[in-house]
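The values are calculated or read from the model by the stated rules, or taken from the named source; none is laboratory data. These numbers come from a predicted model, not from an experiment. Neighbour counts are summed over all protein chains in view; Cβ atoms, including those assigned to glycine, are modelled from backbone coordinates with ideal geometry. Keep in mind that these areas ignore ligands, DNA and RNA; they rest on the heavy atoms of the full protein, side chains included. Shrake-Rupley method; radii C 1.70, N 1.55, O 1.52, S 1.80 Å.
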Amino acid sequence: MSKGLGLFLAVFMMAGCGQVVNQNVKVSGNEPPVSNATRKCLGCHRIVTPGIVAQWERSRHAHITMAEAMKKGKLERLVSATSVPEKFKNVVVGCAECHTQSPDTHADTFEHNGFKVHVVVSPRDCALCHPVEVKEYSQSLKANAYANLMKNPVYHQLAATVVAGKTYVHGKVVLDNPDKKDFETACLKCHGTVVKVKGMIKKNTPFGEMAFPVLEGWPNHGVGRINPDGSKGSCTPCHTRHTFSMEMARKPETCGECHKGPDVPAYKVYMASKHGAIYKSLSGKWNFEGPSWKVGTDFTAPTCAACHMSRIVDENGNVIVERTHRLFDRLPYRLFGIYATPHVKYSQTYRAKNGAGLPLPYNLDGTPAASSVISEEEMNVRMNKMKKVCLSCHAGTLVDGHFNELKDIIDYTNSAEVSATRLLTDVWKSGVEKGLPQGKNPFDEPIEQRWVESWLFYADSIRYGAAMAGQDYVTFASGKWYLGKTLKTMEMMKNLKK
Amino acid sequence: MSKGLGLFLAVFMMAGCGQVVNQNVKVSGNEPPVSNATRKCLGCHRIVTPGIVAQWERSRHAHITMAEAMKKGKLERLVSATSVPEKFKNVVVGCAECHTQSPDTHADTFEHNGFKVHVVVSPRDCALCHPVEVKEYSQSLKANAYANLMKNPVYHQLAATVVAGKTYVHGKVVLDNPDKKDFETACLKCHGTVVKVKGMIKKNTPFGEMAFPVLEGWPNHGVGRINPDGSKGSCTPCHTRHTFSMEMARKPETCGECHKGPDVPAYKVYMASKHGAIYKSLSGKWNFEGPSWKVGTDFTAPTCAACHMSRIVDENGNVIVERTHRLFDRLPYRLFGIYATPHVKYSQTYRAKNGAGLPLPYNLDGTPAASSVISEEEMNVRMNKMKKVCLSCHAGTLVDGHFNELKDIIDYTNSAEVSATRLLTDVWKSGVEKGLPQGKNPFDEPIEQRWVESWLFYADSIRYGAAMAGQDYVTFASGKWYLGKTLKTMEMMKNLKK
Amino acid sequence: MSKGLGLFLAVFMMAGCGQVVNQNVKVSGNEPPVSNATRKCLGCHRIVTPGIVAQWERSRHAHITMAEAMKKGKLERLVSATSVPEKFKNVVVGCAECHTQSPDTHADTFEHNGFKVHVVVSPRDCALCHPVEVKEYSQSLKANAYANLMKNPVYHQLAATVVAGKTYVHGKVVLDNPDKKDFETACLKCHGTVVKVKGMIKKNTPFGEMAFPVLEGWPNHGVGRINPDGSKGSCTPCHTRHTFSMEMARKPETCGECHKGPDVPAYKVYMASKHGAIYKSLSGKWNFEGPSWKVGTDFTAPTCAACHMSRIVDENGNVIVERTHRLFDRLPYRLFGIYATPHVKYSQTYRAKNGAGLPLPYNLDGTPAASSVISEEEMNVRMNKMKKVCLSCHAGTLVDGHFNELKDIIDYTNSAEVSATRLLTDVWKSGVEKGLPQGKNPFDEPIEQRWVESWLFYADSIRYGAAMAGQDYVTFASGKWYLGKTLKTMEMMKNLKK
């Protein structure tokens, strides 16, 4: 198709599309207006990306203006802004409202049919209407997930060991130098990439040739993504574009995209629990949409969101626990790691420092790095918030019993990891395998790999299993059975090396 | 809050709550009455545990009296009692009806606002209305699951090996002495704990300070729980409190809480089968509530309940197979174990005895311990019951073919386990590893752990895969691939030891 | 029951059943007629197999005649025939229409109450109304799945190694000679068996003694089944009898029956992806039934069917991509195998031939066997079809980025497999383990088993993970972690052997 014809067609179709919009969007007397800019986006995108247009049309964003949203009472409201610039007030939240907001701050902004459009909508865009949620989220570990992996030399080395290519040379399997792509296609899918503009590319489209930015680290919807506007984090891993379904954000499958196992088996553990069984059996009849989630009425068992984030209310609207996007607000412990400890003090977890100077909230002997973890007082504050969720259905005796068991299991797994780590340290000391003492990679040899599994897969599973009452994950499935087998296998390997 | 004020508030609020109840419970002319006692429970618990009150309000228990329930015809009836004490007849089944029944028989009964309340509702409580179901269940292996694990010295040693702490001393990984908590937080979550009253504890509540019993082995809803009233078993693992949803009891997710794998992978196998695929795809439109489950109409593929427990009827109400809570009624074989055998004769499986005096229904050479397993005649009776379920959709040729394949697979796995066990016996005989012949733990060394996996994970999976047509579990997923790999790994380890 | 009485009852009941049918089938003025033959089938089968009768009654087949089906417009039509023999035109598609079609061509046809009935309905039967779909399917790899496994000496040897019994003799674990049953109960459950008539058997039925064919390789609904009429393939693995639910065929659970893992983990990967999370969270409100599937309206995330098979249209009915039952139509690559390559050229994949004469589309050094794979041009054709699906929701930049990442991952895994294969070749060369160079089984020794896992489980998972954005399967779950661990374990085993 010649460029001229393409342009002609583009203009022609865009005009036509505009009409199509007028016909197709349900516009009743009560339906709030779509901005002119968004109307133009829809005109073409109804043709080139019909799926997301149809999704958006069914979303909350397409059916309410900020003016109306801000009028709602506290318990009904989903926006936390109390004012927005005039031009956003009386239109629904459409394509243009997000993708053309503050164009100068977005490095991926490009000229597109007369608009300055950016590809990657960032938390800073969402903050226009949802400032409290974005701020809370920015304080979470999740928003810092990129740096928490890549700026922590210990975790970075583990990640590099996992993602690097493996080459067989001179009878040995050696690690290649991992490149950026190796991280981007693996760990950073969840942790978030650094999204950068590499240049522009011209593409043929149904509306003629057009130029689009080429992005590095894209596609990506990791929780700690570094966006082209410099902001950290992404709302879309949980609030999936372009439906922005609250139902989906509250369902454990969404969390399960990253917390799936074997390394962070939260989703599997939940699904094996009584709570998970209730969810799977009965949630077809639950109401996932109310901004204030009514326990026992809207839902009869907690999902991930209920325990960690959602505002829970009783039948009469009394708030049992407030909504938070700072995900550690109800977390006294950090279960993840070689050892479970009181929760790490920093959202930027790489700022932790243990006795040996390593960026970990614990020492290798299993004691917490006291200055890097929260106080007992703060633990109690968080534990009490979490318990409020539990207590909305369970008696105090049961709840206390449950968390006592979690404490026991933490001690159990920490103690087992002291054993595993001592065994490995002996192997390192003997020099048969080289690791931390020799300044060598502690994650790449067979016995080291079993050690990693002992905590990253098994101790973690056991702790999650106890925390969420997913019993099989304490015992057999990635549980004590495998932890025990792994320790004995390490012992066997140690003896083989002699 | 001072004690005096607390008490005052408590009394005040309880009075108030009573009124709230009058307002909130949907009381129409047709709605059956709530007992005065339950009304008082609801008064406060609507505030302190709103979740379970809301669940109960939506349950069948909240909307029918025993008098009405007993009037129903056989196929519509869910209660099996034909008479109950007068005071239970004309009220719905509320908090008090269960939690204050026969207070003197429950060791966990405590004074609570003028009531003698017990925490743990036991099958003996449920038997007031459901005596047939409770009796049948008491005859099942499930009701004896605590003793079947803890009183069987072989299984107890395996369990102890799994749950015990592991300590690294003098270059070796050794087992700690497991304590009660180690069992309670692991195996006994499914098998059931012994729940005992350890004392009383005072707690601050929204209604002032109150005293509550402290329970050992709690929380727990294991199928073989030993309750404070001395009864065995628990109804709540399947009939989840406080909705008591029949839908949930009939859905495989409930069974999957314990039968999940890798040790008893029934749920995973089912989900990978055609039946499971039908269930997952289409069950959103099924009717799970009718007491007599209509094949092809209410449901179009069996769930665990359909094959093992439910009363199945045709469109015209003809009974195809009767309901049972004695779960082995349709089970000719016992698939679980080193070897699959005719089903063990005893509900208390630890009463089995093989030729070597071990409490197992088979000898270590793979032959059944004839006096501990059911007769061929009884096998046929059970098989025919199971086949009736199959035949409601499938032709006899297909059903026979299916069970012939199961028989083949049983022979296959038994034969592979003869090999695995002989290999291990050779290792024991050589004295390199110590096990049964030396009176030592046969489950704790690396080669022994592989042997355990060969039957507990893989032979079992293959058998379940064949029994439920979950094909991937016969072949790759925990199937023949892993069984073969495990046997070869054992052979390799045996040679390393030389 | 005496034979005479049985026959009498049979005749009596069949007459009676006929009446029951007249009463029970919803016959309104608009309801299309059931053939006399089918009416007779239903008479008895409503009693003996009520489940499938009830399912069929709710199926599309029971409510439409071919005459009406053929009248529908292209986008609404589910049948592709433009004419059928007169007797099929004006009746619904019932038991007799399928099970008595062309009786002489079916070796499993038997006399049954005056009808010539065959047990196994084959694609050739379905082709009466669905000729295009059956033809396309016959050209797919799936239809050839039996031969693709059993006639490929390499894959056959791997399969034989997996399914064969294992016997411990003279201190070694050796493979038995696998028999037909070993294949039929394992691999061939998915690949399809050869179904043959072995004879007839008499059975007692509620209608007296009757004779039925005994079938070898039955039950089976593998995709490449060889049917008693000589045809290849089976429609029922996806279009489950007797509901023939389009909803079920479009849901990933159906595909997951075989593509489940660890060997072909497509289902698990999908379920861990954003698409899978959307499906699991929101599909309760989707419309799975329209023959032309409306993106964004009927469904908001692709299922397996959407990407690989379905006709996708936009809101206005514009076709985005056409339906196909030739499943490779949108597949540029073959991801499965030691190495991923351009898609193999042959539906009968055993016809591939590499430089060493092996029936594989790649050489052992990782290069594609050029003459056995599709051209770059054909790859582009297929890729563009697939991308059309993606582009219905995503921008071109994102889609290109995604497939660039897949390409990177293919290179990554191929390169790792070059390493694994070289390592193993060194072991073979050293003669410590015998394999291909010695004409010995390359799949049966411990180090060989790890090599098989490195590609069959891990490289495959990583590729699927990248192809479907199921991130955890690239990294931890069956991903790079396990691939790296397996390579290092192979290195360790190689050194142990020295």
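Out of all the residues in region A:120-143, is one or more within 19 Å of A:PRO219 (Cα to Cα) and over 19 Å from the mean Cα position of the chain (by Cα)? Checked region A:120-143: no residue is within 19 Å of A:PRO219 (Cα to Cα) and over 19 Å from the mean Cα position of the chain (by Cα). Of all residues in region C:257-278, none are more than 20 Å from the chain's Cα centre (by Cα), in a strand (DSSP E or B) and in the same structural domain as C:ILE409 (by TED's automatic domain parsing). Can you tell me which residue in region A:314-332 is modelled with the highest pLDDT, limited to those that are touching a strand residue (DSSP E or B) at 6+ places or on another chain (Cβ under 7 Å) and open to solvent by 40 Å² or more (accessible area, probe 1.4 Å)? If we take residues in region A:314-332 being touching a strand residue (DSSP E or B) at 6+ places or on another chain (Cβ under 7 Å) and open to solvent by 40 Å² or more (accessible area, probe 1.4 Å), then A:VAL319 is modelled with the highest pLDDT.
Does region A:407-427 contain any residue that is outside any helix (DSSP H, G or I) and of a type in the set (Lys, Arg)? Walk me through how you get there before you give the answer.
To start, the set of residues in region A:407-427 that are outside any helix (DSSP H, G or I) comprises none.
No, every residue in region A:407-427 fails to be outside any helix (DSSP H, G or I) and of a type in the set (Lys, Arg).
Can you tell me which residue in region B:189-241 is nearest to the other protein chains (Cβ to nearest Cβ), limited to those that are at pLDDT below 95 and not in a strand (DSSP E or B)? The extreme case among them is B:PRO206.
Assess whether C:LEU398 counts as being on the phi < 0 side of the Ramachandran plot, hydrophobic (A, V, I, L, M, F, W, C) and not in a helix (DSSP H, G or I). Step through it out loud before you land on a result.
Numbers: on the phi < 0 side of the Ramachandran plot: yes; hydrophobic (A, V, I, L, M, F, W, C): yes; not in a helix (DSSP H, G or I): no.
Spelling it out, it is not the case that C:LEU398 is on the phi < 0 side of the Ramachandran plot, hydrophobic (A, V, I, L, M, F, W, C) and not in a helix (DSSP H, G or I).
The set of residues in region C:203-229 that are free of Cβ contacts under 8 Å to residues at least 40 places away in the same chain and farther than 23 Å from B:GLY296 by Cβ comprises C:VAL214, C:GLU216, C:GLY217.
Residues considered: C:ASP444, C:ASP460. Of these, the only one that is in contact with a Lys or Arg (Cβ under 8 Å, 6 or more places away or on another chain) and not hydroxyl-bearing (Ser, Thr, Tyr) is C:ASP444.
Taken over region C:276-313, the criterion of being modelled with pLDDT under 95 and in contact with a strand residue (DSSP E or B) (Cβ under 9 Å, 6 or more places away or on another chain) is satisfied by C:GLY290 alone. Scanning region B:272-292 for residues that are open to solvent by 20 Å² or more (accessible area, probe 1.4 Å), under 21 Å from C:GLU253 (Cα atoms) and more than 9 Å from chain A (Cβ to nearest Cβ) returns B:LYS274, B:HIS275, B:LYS280, B:LEU282, B:LYS285, B:TRP286, B:ASN287. A count restricted to region B:429-440 and to residues that are under 24 Å from B:VAL163 (Cβ atoms) and either within 11 Å of another protein chain (Cβ to nearest Cβ) or open to solvent by less than 30 Å² (accessible area, probe 1.4 Å) (or both) stands at 2. Is it true that A:LYS251 is surrounded by 22 or more Cβ atoms within 10 Å (Cβ to Cβ), closer than 27 Å to A:ASN318 by Cβ, within 8 Å of another protein chain (Cβ to nearest Cβ) and under 22 Å from the mean Cα position of the chain (by Cα)? Criteria met by A:LYS251. Here is a check on your reading of the model: is A:VAL381 open to solvent by less than 30 Å² (accessible area, probe 1.4 Å), in contact with a Pro (Cβ under 9 Å, 6 or more places away or on another chain) and among the aliphatic types (A, V, I, L, M)? No. Scanning region C:55-72 for residues that are away from chain B (no Cβ under 12 Å) and among the charged types (D, E, K, R) gives C:ARG60, C:GLU68, C:LYS71, C:LYS72.
Output the strands (runs of 3 or more DSSP E) that fall wholly within region B:90-178 and possess 3 or more residues being in the same structural domain as B:GLU68 (by TED's automatic domain parsing) and surrounded by fewer than 16 Cβ atoms within 10 Å (Cβ to Cβ), or say none. Show your work before the answer.
Numbers: elements: B:109-112, B:115-118, B:166-169, B:172-175.
Per the criteria, no element qualifies.
Suppose the filter is more than 10 Å from chain A (Cβ to nearest Cβ), free of Cβ contacts under 8 Å to residues at least 40 places away in the same chain and in contact with a Gly (Cβ under 9 Å, 6 or more places away or on another chain); does B:ASN177 pass it? Judged against the criteria, B:ASN177 is a match.
Yes/no per residue for (1) more than 10 Å from every other protein chain (Cβ to nearest Cβ); (2) over 30 Å from C:LYS294 (Cβ atoms); (3) without any contact (Cβ under 8 Å) to a residue 60 or more places away in the chain; (4) surrounded by fewer than 19 Cβ atoms within 10 Å (Cβ to Cβ):
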| residue | (1), (2), (3), (4) |
| --- | --- |
| C:GLU377 | yes, yes, yes, yes |
| C:GLY401 | no, no, yes, no |
| C:ILE409 | no, yes, no, no |
| C:THR421 | no, yes, no, no |
| C:ASP426 | no, yes, no, yes |
| C:GLN449 | no, yes, yes, no |
| C:VAL452 | no, yes, no, no |
| C:TYR458 | yes, yes, yes, no |
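The single condition among (1) part of a loop (DSSP other than H, G, I, E, B); (2) within 25 Å of C:THR254 (Cα to Cα); (3) out of contact with any Gly (no Cβ under 8 Å at 6 or more places or on another chain) that B:VAL432 does not satisfy is (2). Scanning region A:295-318 for residues that are in contact (Cβ under 8 Å) with a residue 60 or more places away in the chain, under 18 Å from A:GLU253 (Cα atoms) and in a loop (DSSP other than H, G, I, E, B) turns up at least one hit. Restricting attention to region B:39-59, the residues being surrounded by fewer than 21 Cβ atoms within 10 Å (Cβ to Cβ) and under 18 Å from A:ALA301 (Cα atoms) number 5.
Could you look through region B:477-495, keep only residues that are more than 7 Å from chain C (Cβ to nearest Cβ) and assigned to a helix (DSSP H, G or I), and pick out the one that is farthest from the chain's Cα centre (by Cα)?
If we take residues in region B:477-495 being more than 7 Å from chain C (Cβ to nearest Cβ) and assigned to a helix (DSSP H, G or I), then B:ASN495 is farthest from the chain's Cα centre (by Cα).
The single condition from (1) β-branched (Val, Ile, Thr); (2) free of Cβ contacts under 8 Å to residues at least 40 places away in the same chain; (3) away from chain B (no Cβ under 14 Å) that C:THR100 fails is (2).
Check region B:300-317 and report whether any residue there is over 27 Å from B:VAL121 (Cβ atoms), touching an Asp or Glu at 6+ places or on another chain (Cβ under 8 Å) and within 11 Å of chain C (Cβ to nearest Cβ). No, region B:300-317 has no match at all. Checking the structure you have, find out if any residue of region C:335-350 is more than 14 Å from every other protein chain (Cβ to nearest Cβ) and in a helix (DSSP H, G or I). Within region C:335-350 (the criterion being more than 14 Å from every other protein chain (Cβ to nearest Cβ) and in a helix (DSSP H, G or I)), the answer is yes, since at least one residue qualifies. Are any residues in region C:467-476 in a loop (DSSP other than H, G, I, E, B), at the interface with another protein chain (Cβ under 7 Å from one of its Cβ atoms) and at pLDDT 95 or above, and if so, which ones? Residue satisfying the conditions is C:PHE476 alone. When B:LEU360 is tested against (1) in a loop (DSSP other than H, G, I, E, B); (2) farther than 19 Å from B:ALA143 by Cα; (3) at pLDDT 95 or above, just one condition goes unmet, and that condition is (2).
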